[in-house]
Amino acid sequence: MSDVEDDERVAGADAGRDGIPCTACESALESPGRETISFLLLDQLTIPVVGCVDHKRQFSDVCGLTTGDAATLLDHQPAGGVRCPGCRHSTHRVQHPGVPVADGAVAILGCSRHVDDVVERFRAGLRTQQRLTTSLPSGPG
Ligand SMILES: [Zn+2]
Ligand SMILES: [Zn+2]
């Protein structure tokens, strides 16, 4: 018999509206350029994302938790390019406020439909990640 207290950690959703703790992300979001735009390959989607290298990778990893195939992050535009015309046109400016990723933030440069899609996956991935990190397996099963 063991009484294990579940120490539930409440993930603070107190990300400030302005001011991203990660300055690299902040400057990337301010003026997205070739060096800060990466391409996230998720299922059949190719979505340009902006942020610092670390947080883009983290974002991609979390998105990959929800899919059968891991999400891939490319530093350059893939051979096929961005398929969705709406997404292709949005690569020039950041319209989205950015998605908080740990102490940084990434912006998804896509049409509203695909941005929603990716954000949804990211949130689902976060939930999966929390479950994985908070619930430890109790003995070999
Ligand atoms: Zn960052
Ligand atoms: Zn699109």
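Ranked by the mean number of other Cβ atoms within 10 Å of their residues, highest first, the peptides 71-81, 24-34, 39-49 come out as 39-49, 24-34, 71-81. Measuring nothing but how far apart in sequence close Cα pairs (under 8 Å, 6+ apart) lie, relative to its length, the range 23-132 scores a relative contact order of 31 percent.
Here's how it looks for V82: its modeled amide H is under 5 Å from none belonging to a residue 5 or more places away or on a different chain. Reported to the nearest whole Å, the Cα centre-to-centre distance from the range 53-84 to the range 23-47 is 10. Dividing the radius of gyration of the alpha carbons in the range 23-132 by their Kirkwood radius gives 0.93 for Rg/Rh. Put simply, the amide H of G98, placed in the peptide plane, has neighbours under 5 Å in I108, leaving out anything fewer than 5 places away on its chain.
Bear in mind these aren't lab numbers, they're just calculated from the coordinates by the rules spelled out. Everything numeric here is computed off the predicted structure, so don't read it as measured data. Heads up, the Cβs are rebuilt from the backbone with ideal geometry, glycines too, and the neighbour counts pull from every protein chain shown.
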